[in-house]
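The values are calculated or read from the model by the stated rules, or taken from the named source; none is laboratory data. None of these values were measured; they are calculated from a predicted model. Backbone-built Cβ (ideal geometry, glycine too); neighbour counts: all protein chains shown. Side chains are part of the model used for accessible areas, which takes the heavy atoms of the whole protein and leaves out ligands, DNA and RNA. Shrake-Rupley method; radii C 1.70, N 1.55, O 1.52, S 1.80 Å.
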Amino acid sequence: MTALMALLLTACGNKEERFVPKSLADLRGHTIAANSGTTQEKIARMCTDADKVQCLPGGLDALVSLDAGQCDVALVERNNMFSDDFKRMAIEEAFTDSTTQEPLACALRKDDRALVDEFTQFFDSLEASGALDEIKGRWLNPLVTNNLKKVVIKSADVPKQGRRVLHMGSDYSYPPYTITVNNEYTGYEVELWQRFCIAHNYGLSCDVYNFDALLPALQSKRIDIIAAGMSVTPEREKMVLFTPADDYSVTTCLIRKEVVSDKGFFEGIADSFDRSLIQQDRWKMIVQGFWTTIWIFLGSLIIGILLGAVISYMQMSPRKLLSITANVYIDLMRNIPILVLLLVMYYIILANSGLSAMSVAIIASAMNFGAYIAVMFTTGIKAVDPGQKEAGLALGYTPMQTFTYIIAPQAARHIIPVFQGEAISLLKGTSIVGYISIVDLTKASDLIRNSSFEAFFPLIFVTVIYFTLAWMLSKSLDILLQKIQK
């Protein structure tokens, strides 16, 4: 007993000392979180082993990862931390590395030199009039955090049409450059372009992308402007044109606080719920994302069923060309990951089609779903005894009547149980459409997480909604199958 007590006392006395780095050199061997495609990711890879770098998709996920204790440190852009939501997190600044400064600017395509020149002249006029100092004072001043909750120019104040509609791409989770406030896209760079469009009669559309998808979207002409506090590097200057750079990226290393919070459990839960959904009416983003998900699912379902019926007909056709074409299509769609298909359709095949991102998502999902539907239809129809067709024809039915009244009801008994699983998979598969500038349920939760630094309630709400939709779909198909079997 005495030996056990001594062991416990020794263990308590040897409590591991908190890791507090003083420079980038101290990060060697430690797990570092940084956002994909940023200067901070590049620095992280130079500071530690590749397997210890958490390369996160966008927004301020590095802060959330550190807050959850999933890494030792997080490297972020210094200006990203100017918000009250950041201050309440269980993290603090360890040091700032001023040796890694890089200029920040918006990026445009190489063939858009005229637009860059026009914006540069507008930018110079703002600077000459003193208006630029006022704008920078509101957004780039680290002492005035309330500015991150203000919307100076609303989207309704900016033209939707004009000499040309400019599409601005961003994650809208990089304060103070781009941020979501009261369901409005705003920020320092957003406001500059809003003012430019108002002054020069351009339309402006704010499109949501992950940071690492911005350059492909720009090169495929899906967007015209990247606004995300992008670092001006020699590598990027070979690919894009930059607007005048008037701010600099300064990398800050963050660590977890030694003392976390003195709030009670229920008080913390209530506070988290308020920040996640109530403040700034963030729940409205969930509602908008819900309807986007529903429309994509229904559009893909209907088109996929029709496409599957055509492919199934071709597959069972006695004409070899039709059957071979159908089988090749099925093999392609079933062996290409749906996310890859979505990106290929959006950035390559339909890049210059003028179709909206939602239309492309419906087409890609329907193409994939249709292949599985075709196999189900073919298998279900072939499972019906061939004698049933002969009996129908012998009774005087036409081939179409025989299929409609005799074969189809029997085939449905084989098809619906499999169809049920594929329909649910289609519903869940819509969660990837955020990769192509669609704010669906999943992307809405990402935007809320990146603006409130709260992961629990946004993800829980989305999980519950997806589960409820899938459950309702499953039960509806169960009822349909029971009616058919009677």
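Some observations on this one:
- Boolean, L321 is free of Cβ contacts under 8 Å to residues at least 24 places away in the same chain and either in a helix (DSSP H, G or I) or buried (at least 19 other Cβ atoms within 10 Å of the Cβ) (or both): yes
- Sole residue being in contact (Cβ under 8 Å) with a residue 60 or more places away in the chain and more than 21 Å from the chain's Cα centre (by Cα), chosen from L480, L395, L441: L480
- Count - residues of segment 363-398 that are in contact with a Ser or Thr (Cβ under 6 Å, 6 or more places away or on another chain), β-branched (V, I, T) and open to solvent by 30 Å² or more (accessible area, probe 1.4 Å): 0
- Residue check for Y466: under 30 Å from the mean Cα position of the chain (by Cα), more than 21 Å from V384 (Cα to Cα), modelled with pLDDT under 90 and not acidic (D, E): no
- From I302, I330, residue being among the β-branched types (V, I, T), open to solvent by less than 60 Å² (accessible area, probe 1.4 Å) and part of a helix (DSSP H, G or I): I330
- Matching option when the condition is modelled with pLDDT of 90 or more, over 22 Å from the mean Cα position of the chain (by Cα), at negative phi and open to solvent by less than 30 Å² (accessible area, probe 1.4 Å), among L241, L307: L241
Here's the yes/no breakdown for (1) of a type in the set (F, W, Y); (2) part of a helix (DSSP H, G or I):
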residue	(1), (2)
M168	no, no
T180	no, no
V190	no, yes
W193	yes, yes
I198	no, yes
C206	no, no
L214	no, yes
L218	no, yes
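- Of all the numbered requirements in (1) more than 20 Å from D212 (Cα to Cα); (2) open to solvent by 20 Å² or more (accessible area, probe 1.4 Å); (3) part of a helix (DSSP H, G or I), Y435 misses one, and that requirement is (1).
- Residue list for segment 47-66, filter: among the charged types (D, E, K, R) and over 22 Å from G29 (Cβ atoms): D61
- Residue within segment 271-289 that is surrounded by 21 or more Cβ atoms within 10 Å (Cβ to Cβ), among the hydroxyl-bearing types (S, T, Y) and over 26 Å from L166 (Cα atoms) present: yes
Every residue, every condition in (1) under 16 Å from E77 (Cβ atoms); (2) charged (D, E, K, R); (3) modelled with pLDDT under 85; (4) surrounded by fewer than 23 Cβ atoms within 10 Å (Cβ to Cβ), yes or no:
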residue	(1), (2), (3), (4)
P175	yes, no, yes, no
E191	no, yes, no, yes
Y202	no, no, no, yes
D207	no, yes, no, yes
F211	yes, no, yes, no
E237	no, yes, no, yes
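- Condition met for A90 (at pLDDT 80 or above and either open to solvent by 50 Å² or more (accessible area, probe 1.4 Å) or out of contact with any His (no Cβ under 7 Å at 6 or more places or on another chain) (or both)): no
- Subset of segment 443-476 [polar (S, T, N, Q), farther than 18 Å from R275 by Cα and either open to solvent by less than 40 Å² (accessible area, probe 1.4 Å) or not in a helix (DSSP H, G or I) (or both)]: S474
- Taken together, the residues in segment 411-425 that are free of Cβ contacts under 8 Å to residues at least 12 places away in the same chain and among the polar types (S, T, N, Q) amount to 1.
- Selection within segment 151-170 - at pLDDT below 85 and under 24 Å from D446 (Cβ atoms): V151
- The lone exception for D72 - which of (1) under 22 Å from I226 (Cα atoms); (2) at pLDDT 80 or above; (3) not aromatic (F, W, Y) it fails: (1)
- Of the listed requirements (1) loosely packed, with under 15 Cβ neighbours inside 10 Å; (2) over 30 Å from M316 (Cα atoms); (3) in contact with a helix residue (DSSP H, G or I) (Cβ under 9 Å, 6 or more places away or on another chain), P417 misses just one: (2).
- Residue check for E41: among the charged types (D, E, K, R), at pLDDT 75 or above, more than 22 Å from F457 (Cβ to Cβ) and part of a helix (DSSP H, G or I): yes
- Meets criteria (modelled with pLDDT under 80 and either among the aliphatic types (A, V, I, L, M) or open to solvent by less than 10 Å² (accessible area, probe 1.4 Å) (or both)) for L148: yes
- Subset of segment 100-120 (residues that are surrounded by 12 or more Cβ atoms within 10 Å (Cβ to Cβ) and under 14 Å from A245 (Cα atoms)): Q101, E102, P103, L104, A105, C106, A107, L108, V116, F119, T120
- Boolean, Q485 is more than 20 Å from M314 (Cα to Cα) and modelled with pLDDT under 85: yes
- Within segment 346-382, the residues that satisfy the criterion of being within 20 Å of A213 (Cβ to Cβ), among the aliphatic types (A, V, I, L, M) and either in contact with a Gly (Cβ under 6 Å, 6 or more places away or on another chain) or assigned to a helix (DSSP H, G or I) (or both) are I348, I349, A357, M358, V360, A361, I362, I363, A364.
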